[in-house]
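What follows is a set of notes on a single structure, which appears directly below.
The values are calculated or read from the model by the stated rules, or taken from the named source; none is laboratory data. Keep in mind that this is a model prediction, so the values were computed, not measured. When we count neighbours, we look across all protein chains shown, and the Cβ atoms used for this are built from the backbone with ideal geometry, even at glycine.
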Amino acid sequence: MSATCNNIRPQENNANLNYINQEISHWRDVPAKKYTYVPKSETVFLGGGLSLLQDQLLMAGTQALGIHYISLPNPDFDSFRTGKAFGNKGQCNPTYFTVGNLLKYLIKLRDEEGVSSEEIVSKYVFVTASGCGPCRFGMYSTEYKKALRDAGFDGLRLTSFEHNKGIDQAGGETDTLIDYTPKFFITLIKAVVIGDIINILGYKMRPYEVLKGSVDSAMAECQRLVSQAFVEKKSLLKTMWQCRKVLEKVELDRLQPKPKVMVMGEFWAAMTEGDGNYNLHRFLESEGAECIPQPIISRFMLSIWEAEYLHDTKTELQTESTKRIDFSGAKTKILITLARTAIRVHFNLYARIIGLKDFEVPDIHKLSTYSREYYTLECDGGEGHLEVAHLLESLHHKLSHLVISVKPFGCMPSSSVSDGIQSLITNRYPEANFLAIETSGEGAANFYSRVQMALFKAKQATKEEFESFKIPAKIPTKVHSYRYQPKLKIAGTAAKNLASLS
């Protein structure tokens, strides 16, 4: 042992055991001084983090409920740098992008619009997702408070919407500010579901548009119509029919062979539409691909499935130990069933009206049967078994030519768990074209290069698939309508359309 190590001595109070038998007190991160906050009616909520369209619809929906909610702008690299400047080291990039985006907005309010820090702290509340898991997700609120304190906004309130609690959101320091009523959750479901439907159609249509930008213009008009319907409390069913008329005017050429790419992975990294994943969806489209995004209702349905799986497991264990049937969890079971049914009913209703027929609400139970052989279903961190299930689903049903799993650098549930299992799946299914790729906020060139290499293989498969079908002498005009969606076990849109004509 070195002399340096020999000279190390424990602290004098190292053996002090006075803490034993003392009353346990919970540590709380409280502001340095006491603030006086504005009344509930004057409180402004800040949030974001869904797709760009859904953020706007959610803002319109909550404002219709009398909640003053503002969706923050899309996070960019400036947000990332701001988050790194004020945040702890070693955070995953969703944390940096999200907290940096909040700080950028608050700093602009203070330095450019002249709103004092004291007024900002007393008036604004930040709404964020949270939850418990095997990563830093459960520590987000603490990290946000640290960054806010260092940026001069100590005391700004946070309210965490925990993805695994559903309607039971009690326990936060700002619970009295939001009424988690059934009406609130129904409005939330409607905004997310309608946003998912329009987004899915946008990704189906944009690669085949004849006039560049026409799909984005149509989607912007749909966003305006639905937002107006929320605010003015108009019929959303009639509004979706109006959106259908808007989308029908977009001219498409749907016999262009384009590889289909399923984008999945860690929730935020796979869903964000901006610098947080190097604009992955738009990059794929610029490279001639059609994207299959993961709708946010997949996250909703997974949370419902996890709650039901945990409830059923507990009930089974209690029944085995007591040898009698216990009806105490009947209410929980009913609420779970109602939540799942509400999402399915709303999605199917709105989807049929606007013309989306070939997309079904994810059946998490069915997906769990795919992954059960490879993934322990009790592991519920991150996206749970979904990443494994999506790859197997794509292979079994020929949904895509390439599956990309995107996640933040060092994401433990996604990188360490599911990606390790994917290697076994790709070994058993050599035809699988799978790419696991990380984002860190830097290194876009390497990211794009890896995507392009995987995409080359997908393009070859698309070409072979398309050329296996004969192009008829006369093409019906219905083929180029976005509402023409034949259900065949063929991945490519163009090849599927040709096959349906033979």
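See the values below:
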| read-out | value |
| --- | --- |
| Residue satisfying all of: in the range 252-275; within 22 Å of Gln223 (Cβ to Cβ) and touching a Ser or Thr at 6+ places or on another chain (Cβ under 7 Å); surrounded by the fewest Cβ atoms within 10 Å (Cβ to Cβ) among these | Glu273 |
| Filter result for Val215 (of a type in the set (A, V, I, L, M, F, W, C) and touching a helix residue (DSSP H, G or I) at 6+ places or on another chain (Cβ under 7 Å)) | yes |
| Qualifying positions in the range 357-404 - assigned to a helix (DSSP H, G or I), of a type in the set (Ser, Thr, Tyr) and either surrounded by fewer than 22 Cβ atoms within 10 Å (Cβ to Cβ) or in contact with a Gly (Cβ under 8 Å, 6 or more places away or on another chain) (or both) | Ser368, Thr369, Tyr370 |
| Those residues of the range 427-444 which are surrounded by fewer than 16 Cβ atoms within 10 Å (Cβ to Cβ) and at pLDDT 90 or above, in sequence order | Asn427, Arg428, Tyr429, Pro430, Glu431 |
| Set Phe86, Phe77, Phe97: member being of a type in the set (Phe, Trp, Tyr) and over 23 Å from the mean Cα position of the chain (by Cα) | Phe86 |
| Looking only at the range 406-418, and only at residues there that are in a helix (DSSP H, G or I) and more than 21 Å from Cys291 (Cα to Cα), the one that is modelled with the highest pLDDT | Ser418 |
| Filtered residue count, the range 421-469, keeping only those that are part of a loop (DSSP other than H, G, I, E, B) and either without any contact (Cβ under 8 Å) to a residue 12 or more places away in the chain or over 27 Å from the mean Cα position of the chain (by Cα) (or both) | 7 |
| Hits in the range 417-426 (condition: exposed (fewer than 13 other Cβ atoms within 10 Å of the Cβ) and among the small types (Gly, Ala, Ser)) | Gly420, Ser423 |
| Single residue of the range 32-55 satisfying the filter (farther than 30 Å from Glu221 by Cβ and modelled with pLDDT of 90 or more) that is surrounded by the fewest Cβ atoms within 10 Å (Cβ to Cβ) | Pro39 |
| For Gly355: the one exception among (1) more than 29 Å from Cys243 (Cα to Cα); (2) in contact (Cβ under 8 Å) with a residue 12 or more places away in the chain; (3) more than 21 Å from the chain's Cα centre (by Cα) | (1) |
| Enumerated helices (runs of 4 or more DSSP H) restricted to the range 203-275, each holding at least 3 residues that are within 17 Å of Ile292 (Cβ to Cβ) | 267-271 |
| Subset of the range 328-353 (residues that are in contact with a His (Cβ under 9 Å, 6 or more places away or on another chain) and part of a helix (DSSP H, G or I)) | Thr332, Lys333, Ile336 |
